[in-house]
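Worksheet: the structure to be examined is printed underneath.
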Amino acid sequence: MSKPPKIQTETLPYFLERGIASVVASNATGRQIEIGLIGREGVTGVPILLGDTVSNHSTYMQIGGAGHRVPATVISDAVRLNMRLRDQLARFAHTLMIQTAHTALANGRANIRERLSRWILMAHDRVEGNVLPITHVFLSLMLGVRRAGVTLALHELEGRKLIRATRGQISVLDRAGIEQLTNGFYGQPELEYARLHASPPKEAVAAADTFGLS
């Protein structure tokens, strides 16, 4: 099974304008599961924001897009010199940790339907429009479940007319209905992001201009 393109978070952080990056944890035998989603609201390479240069996790572009690639040394220097930028990036790192904690909660307590519904909503938050270009194979890898389980859950959401799943993509038809199926496993990290970031998500991308440093 092929893997999506990998971002080397330890050396080349990205401020995404479009697309979704998946932060993936792996063990010594190569088993993987997604622990975080990053889109235009944030930046990959969070360990750099916390003073480290090496990540224990891999970051892949799950949904293709575009962004600003910034050397780690430039970010480190900019954060040291610009308190506003440092605060903005620190708030994002905090919200990503909250998201990761709730992903662990969902992985341990939610069923496949609830976890899939949560993932669709999180991805929908980070793309333009209602179409998610994603395959069953990558969904099973990210959720850490069998492909057959993902297919059954997708069929259930389709049967409820909440999504339309075709080869290589999922179209969101009824977001409110999908939220109901999450059984409370979606929403708290998103509310925390809204609380900590008074500005719209794209400010994180605009902050990259500071590195220009404009």
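Key figures for this structure:
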quantity	calculated
Theoretical FRET efficiency, 1/(1+(r/R0)^6), r = Cβ-Cβ of LYS161 and ALA66, R0 30 Å, to 0.05	0.35
Residue-averaged 222 nm ellipticity for the chain, from DSSP H runs of 4+ at -39500 (n - 2.57), nearest 500	-13500 deg cm²/dmol
Global form of the range 106-153, assessed from the alpha-carbon gyration tensor, a/c cut-off 1.5	oblate
Residues ARG195 and ASN82, FRET efficiency given R0 of 22 Å [Cβ-Cβ distance, rounded to 0.05]	0.45
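Throughout, read-outs are computed from the coordinates displayed, never taken from laboratory work. All of these numbers come straight from a predicted model, not from anything done at the bench. Neighbour counts are summed over all protein chains in view; Cβ atoms, including those assigned to glycine, are modelled from backbone coordinates with ideal geometry.
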